[in-house]
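Enquirer: Supplied in structure tokens, the structure appears directly below.
The values are calculated or read from the model by the stated rules, or taken from the named source; none is laboratory data. Values in this document were obtained by computation on a predicted structure and should not be read as measured data. All Cβ positions, even for glycine, are placed from backbone atoms using ideal geometry, and neighbour counts span all protein chains on display. Heavy atoms of the whole protein, side chains included, go into the accessibility calculation; ligands, DNA and RNA do not. Shrake-Rupley method; radii C 1.70, N 1.55, O 1.52, S 1.80 Å.
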Amino acid sequence: MSSRIAAANVKLKRAYEPAAKNDGLRILVDRLWPRGVSKAEAALDCWEKDISPTTALRKWFGHDPARWQEFRSRYAAEVRRHPEPPSRLRALARKQPITLVYSAHDETHNDAVVLRELVLGRPSKRKSPVRRSG
């Protein structure tokens, strides 16, 4: 069995969008619960808050696109220091589709985008590596 994960097996979706059958396993990857979303609405299978950026990094970034490249580097370094959570996500994505659920308004500049690249093991140089689920 190949250790390479199909890109289609790791999707991204905002917590404010309805769950869909093709989401596969829905995993919240934010440290904070999405404001105004009930547990039933979120339809999550698990919450991996330990894989989210530290509070200090999240506050420093502030979803400022001018800080995007530096945020990507800093967050990737944080993730590498704690390999268990991304390893769990990779193992799941090898078996079935997963959707990384996040609450940021900016669909291009957020931690889930970086995390997807890291889970796939294919850091992208593109500005918008988002693969949306339907």
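Enquirer: Within segment 73-97, can you find the residues that are under 23 Å from GLY62 (Cα atoms), assigned to a helix (DSSP H, G or I) and more than 13 Å from the chain's Cα centre (by Cα)?
Expert: SER73, ARG74, ALA77, GLU78, ARG80, ARG81
Enquirer: Here's a follow-up. Does LEU100 meet the test of being open to solvent by less than 40 Å² (accessible area, probe 1.4 Å), within 18 Å of LEU12 (Cβ to Cβ) and assigned to a strand (DSSP E or B)?
Expert: yes
Enquirer: Further, regarding this structure: Would you point out which residue out of ASP50, ASP45 is farther than 19 Å from VAL113 by Cβ and free of Cβ contacts under 8 Å to residues at least 40 places away in the same chain?
Expert: Answer to the selection: ASP45.
Enquirer: Let me ask something else. Going by what's in this entry, would ALA66 be described as exposed (fewer than 14 other Cβ atoms within 10 Å of the Cβ) and at negative phi?
Expert: Taking the combined requirement at face value, the residue satisfies it.
Enquirer: Determine which single condition GLU107 fails, assuming it passes every other condition in (1) open to solvent by less than 60 Å² (accessible area, probe 1.4 Å); (2) assigned to a loop (DSSP other than H, G, I, E, B).
Expert: Result: GLU107 passes all but (1).
Enquirer: Within 21 Å of ILE5 (Cα to Cα) and among the charged types (D, E, K, R): which single residue out of ARG88, ARG58, ARG31 fits that description?
Expert: ARG88
Enquirer: Every residue in segment 1-51 that is part of a loop (DSSP other than H, G, I, E, B), open to solvent by less than 10 Å² (accessible area, probe 1.4 Å) and among the small types (Gly, Ala, Ser), please.
Expert: Across segment 1-51, the qualifying residue is only ALA15.
Enquirer: All but one of (1) in a helix (DSSP H, G or I); (2) in contact with an Asp or Glu (Cβ under 7 Å, 6 or more places away or on another chain); (3) open to solvent by 70 Å² or more (accessible area, probe 1.4 Å) hold for ALA56; which doesn't?
Expert: (2)
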